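Participant: So that we are looking at the same thing, I have put the structure below in structure tokens.
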Amino acid sequence: MTFLEMLADAQQRNRSMLCVGLDPEPSRLPGRMAGDASKIHDFCARIVDATADLVIAFKPQIAYFAAHRAEDQLERLVMHIRQVAPHVPVILDAKRGDIGSTAEQYAKEAFERYGADAVTLSPFMGFDSVQPYLQYRGKGAFLLCRTSNPGGDDLQNQQLAGLPGQPRLYEHIAKLAQTHWNTNGQLGLVVGATYPAEIERVRQIAPTVPLLIPGIGAQGGDAIATVKAGWRANAPIVVNSSRAILYAGKGDDFMDAARDAAMKTRDQLQAARGG
Ligand SMILES: O=C(O)c1cc(=O)[nH]c(=O)n1[C@@H]1O[C@H](COP(=O)(O)O)[C@@H](O)[C@H]1O
């Protein structure tokens, strides 16, 4: 199955637009795992077990593994997801971006080493830095467009005086992802839940590409406004929450607490579609 087919399948089966972000910080692991980086896999695997029937995707953030020399644990984690939730796609959050020859290695890392179904990319270095990922037919690539952090304004909100209509940089990225750059229909966009007005604008420019929307939960983004701005029947949205679900419980009940938080968030997002 392609990434888009997996997304559609998981969305329907689990009635969900929620993506659980796997950002394991050893000092925040619950109970006896606290402070033990060798338990990163076990912790994330239990979160996967507790939420696999509630999500549209899982999104491991590579820095949380690499910083603790836990890349092998990330490889095992993706295999675990394949076993317990074969219908749920894995989005590797790597935010890569480099010249073509180096991007080929990053693409190999994401899709061959880790076996991810999609990856996050910075579009800053241009189309030839994105192209190597598109050689992997059926895989997805989400381009950073209007990120959830306040500093996203520094560049993404600047107007491009040299282009007709002087679009803002994020508007231009949305247009490229919807049109010229999307040669095989593999591209999506990252837009922050902290900026629903910009999600709406991105949807006007890019009506059919999937949107990865982080920023609800710990960053305080508005889940309901996010769905209203981004959801369309023919275009998936993948709304990520990491810390608010991972660390919902601090003790041995962490799986129940994560499941409870994920279910509430999933239901809140689903309900916002209707109203
Ligand atoms: O690409 C991302 O996933 C991403 C883009 C963005 O604009 N903002 C953003 O927070 N993220 C990631 O989404 C996750 C958000 O985590 P929480 O704030 O704990 O839900 C982190 O892994 C971030 O690296």
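The values are calculated or read from the model by the stated rules, or taken from the named source; none is laboratory data. Please read all numbers here as calculations on a predicted model, not as lab measurements. Cβ coordinates were reconstructed from backbone atoms using ideal geometry, including for glycine residues, and neighbour counts include every protein chain displayed. For the accessible areas, the whole protein counts, side chains as well, though only heavy atoms, and no ligand, DNA or RNA atoms are used. Shrake-Rupley method; radii C 1.70, N 1.55, O 1.52, S 1.80 Å.
Participant: Hey, any hits in segment 185-207 for a residue that's touching a Ser or Thr at 6+ places or on another chain (Cβ under 7 Å), open to solvent by 60 Å² or more (accessible area, probe 1.4 Å) and either within 16 Å of the ligand (Cβ to nearest atom) or of a type outside the set (Gly, Ala, Ser) (or both)? Talk me through it step by step, then tell me what you get.
Facilitator: Taking segment 185-207 first, the residues touching a Ser or Thr at 6+ places or on another chain (Cβ under 7 Å) are 190, 192-194, 196, 199.
With the extra rule that they be open to solvent by 60 Å² or more (accessible area, probe 1.4 Å), the set shrinks to none.
Scanning segment 185-207, I find no residue that is touching a Ser or Thr at 6+ places or on another chain (Cβ under 7 Å), open to solvent by 60 Å² or more (accessible area, probe 1.4 Å) and either within 16 Å of the ligand (Cβ to nearest atom) or of a type outside the set (Gly, Ala, Ser) (or both), so the answer is no.
Participant: Sort out for me the helices (runs of 4 or more DSSP H) sitting completely within segment 3-71 that have 3 or more residues that are open to solvent by less than 40 Å² (accessible area, probe 1.4 Å) and aliphatic (A, V, I, L, M).
Facilitator: Details: elements: 3-13, 40-51, 63-66.
Where helices (runs of 4 or more DSSP H) fall fully within segment 3-71 and carry at least 3 residues being open to solvent by less than 40 Å² (accessible area, probe 1.4 Å) and aliphatic (A, V, I, L, M), they are 3-13, 40-51.
Participant: If I ask for residues that are open to solvent by 10 Å² or more (accessible area, probe 1.4 Å) and away from the ligand (no atom under 16 Å from the Cβ), which ones from segment 79-97 would you list?
Facilitator: MET79, HIS80, ARG82, GLN83, VAL84, PRO86, HIS87
Participant: Restricting attention to segment 173-181, does a residue exist that is of a type in the set (Lys, Arg), part of a strand (DSSP E or B) and either more than 13 Å from the ligand (Cβ to nearest atom) or under 20 Å from TRP231 (Cβ atoms) (or both)? Before the answer, list the steps.
Facilitator: Step one: filter segment 173-181 for residues of a type in the set (Lys, Arg), giving 175.
Restricting the remaining residues to those that are part of a strand (DSSP E or B) gives none.
No, segment 173-181 contains no residue that is of a type in the set (Lys, Arg), part of a strand (DSSP E or B) and either more than 13 Å from the ligand (Cβ to nearest atom) or under 20 Å from TRP231 (Cβ atoms) (or both).
Participant: Against the definition (among the β-branched types (Val, Ile, Thr), surrounded by fewer than 24 Cβ atoms within 10 Å (Cβ to Cβ) and at negative phi), how does THR147 come out, yes or no?
Facilitator: Values: among the β-branched types (Val, Ile, Thr): yes; surrounded by fewer than 24 Cβ atoms within 10 Å (Cβ to Cβ): yes; at negative phi: yes.
Here the answer is yes, as THR147 does meet what is asked.
Participant: In a helix (DSSP H, G or I), aromatic (Phe, Trp, Tyr) and touching a residue at least 40 places away in the same chain (Cβ under 8 Å): does that describe TYR133? Give the derivation first.
Facilitator: Numbers: in a helix (DSSP H, G or I): yes; aromatic (Phe, Trp, Tyr): yes; touching a residue at least 40 places away in the same chain (Cβ under 8 Å): yes.
Yes; evaluated as a whole, the condition is true for this residue.
Participant: Follow-up. Could you give every pair whose Cβ atoms fall below 6 Å, whose first residue belongs to segment 99-121 and is open to solvent by 90 Å² or more (accessible area, probe 1.4 Å), and whose second residue is not aromatic (Phe, Trp, Tyr), counting only separations of at least 6 or pairs across chains?
Facilitator: Cβ pairs passing all conditions: GLU104/PRO132.
Participant: Which residues, taken from segment 221-275, are modelled with pLDDT of 95 or more, in a helix (DSSP H, G or I) and open to solvent by 60 Å² or more (accessible area, probe 1.4 Å)?
Facilitator: Result: ILE224, LYS228, ARG243, MET255, ASP256, ARG259, ASP260, MET263, LYS264, ASP267, GLN268, ALA271.
Participant: A further question follows. Restricting to segment 122-133, give me the number of residues that are out of contact with any Asp or Glu (no Cβ under 6 Å at 6 or more places or on another chain), open to solvent by 10 Å² or more (accessible area, probe 1.4 Å) and not small (Gly, Ala, Ser).
Facilitator: 6
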